[in-house]
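Structure first, commentary second.
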Amino acid sequence: MVQADSLNKLYIEATTACNLDCQMCLRRTWDEPIGHMPLATFAKLMDDVAQLPAPPTIHLSGYGEPLAHPHFLEMVRLAKATGAKVEITTNGMLLTPKMAEALIELDLNRLMVSIDSVQPELYNNIRVRSDYKTVIDNLRHLRRLKLRGKGRHSNPQVGISFVAMRSNVADLPKLPALATYLGAWEIQVSNLVPHTPDMEGEILYSRSLRSAAYRASRWVPDMNLPKMDMDTDIRGPVSDLYDSTVSLSWLDQSMSRRNNYCRFAQEGYAAIRQDGEVSPCLPLLHDHPTYLLNRRKQITHLSLGNINQQSLGQIWESPEFTAHRQRLLDFPFSPCSTCGGCERFPGNWVDCSHNTFPTCGGCLWSQGFVQCP
């Protein structure tokens, strides 16, 4: 069992600079200045990590491309020196042969690569300024280097991160073959967070926001399904269940088990912005708009301290951060993302249950629609 009171995973935004301009990126809504975390700040943070009872997993990710940081490899080296497991999420364009060799030498544990289509033209349209062939060639070279060294099981372990949308969902069945071709061991699929009105038309969960299949309620029966074939005779009836008035479970695993579940609080996660501000989660790392149910909602970021002024341990154990985690465990918030839409609260400052900032009932992460590597 993961202990929520211990810091188990730390997302660090090394930079907000990026070499791409992806369709669904939050950065398209920004007027924030682009910045890199100073190497001295990162080094001080790693000193803080070394003082913790046990080092958390360090994931270099945020709303920028970590490989674009001028001291990225030194950051990986410093992070590994703490004894932590170190991971990154990258778009793969800067994963050159030289970079791949360096990451193998540094024993990076996990490398997640964002690949949102197996069709070059569609991929290039989604990942603006990227090039599908370059990313695939970079990953194939990384695989060859691993095979020449310790073998296919050596680090970094490679995974594919896929943002599912209406325009690319047909590619889902093709991802396992791509993973095998690239030597990837996992495929992480998340839904889209619509930051612009046009991207709301790409979401795949409009009906699921209110579906009984994903709700646990005393007003509807529960149906527990076993393993079964998903052939043409079965897919239709199972699909119909999602539109019925029944709460679904598979092998006693309720489809509603991730409702009102903040993984960041439940599993002991935190996020640090490139300027040192510490947030309880990635959704509250920056100010940004979201568009859902044809309404705009302005999300205001939450900072619980800055690592330039306090140690990471002091911030994590502060009364403010501790109370915030407990609040998320209790989850008293109104179901803003699933109740059908509300015009009364155009931000995350208050909800109809009289909860005040930050109100997390409308968070797509807490309802199981969005997940991070």
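Calculated accessible area for the range 76-164 comes out at 43 Å² per residue, all protein chains present (probe 1.4 Å; ligands, DNA, RNA ignored).
Over the chain, what percent of the accessible surface lies on carbon and sulfur atoms, probe 1.4 Å?
Details: 9080 of 17360 Å².
Answer for the chain: carbon and sulfur cover 52 percent of the accessible area.
The slack in the chain from Arg218 to Leu241, taken as 0.36 nm per residue of separation less the alpha-carbon distance, amounts to 6.5 nm. In the frame of its principal axes, the chain has Cα extents of 56, 51, 40 Å, reported largest first. Excluding ligands, DNA and RNA, the accessible surface per residue across the range 305-352 is 53 Å² with a 1.4 Å probe.
On the beta carbon distance between Glu320 and Ile34, with R0 = 25 Å, the FRET formula returns roughly 0.30.
Explain nothing, just the number: relative contact order of the chain, from Cα pairs under 8 Å at least 6 residues apart, as a whole percent. Relative contact order comes out at 17 percent. Taking amide hydrogens as placed 1.01 Å from N in the peptide plane, the amide H of Gly347 sits under 5 Å from those of Gln298, each at least 5 positions away in sequence or on another chain. Cross-link pairs exceeding 26 Å between alpha carbons, from the set Lys44/Lys80; Lys85/Lys133; Lys146/Lys174; Lys9/Lys44; Lys133/Lys297; Lys44/Lys85: Lys85/Lys133; Lys133/Lys297. Here's how it looks for Leu292: its modeled amide H is under 5 Å from those of Lys297, which are all 5 or more places away or on a different chain. Report summary: the helix-based calculation at 222 nm, which adds -39500 (n - 2.57) for every DSSP H run with n ≥ 4 and divides by the residues of the chain, gives -7500 deg cm²/dmol.
The values are calculated or read from the model by the stated rules, or taken from the named source; none is laboratory data. Bear in mind the structure is a predicted one, so any value in this text is a computation, not a measurement. We place every Cβ from the backbone using ideal geometry, glycine too, and count neighbours over all the protein chains shown. Note: areas computed on protein heavy atoms with side chains; ligands, DNA, RNA excluded. Shrake-Rupley method; radii C 1.70, N 1.55, O 1.52, S 1.80 Å.
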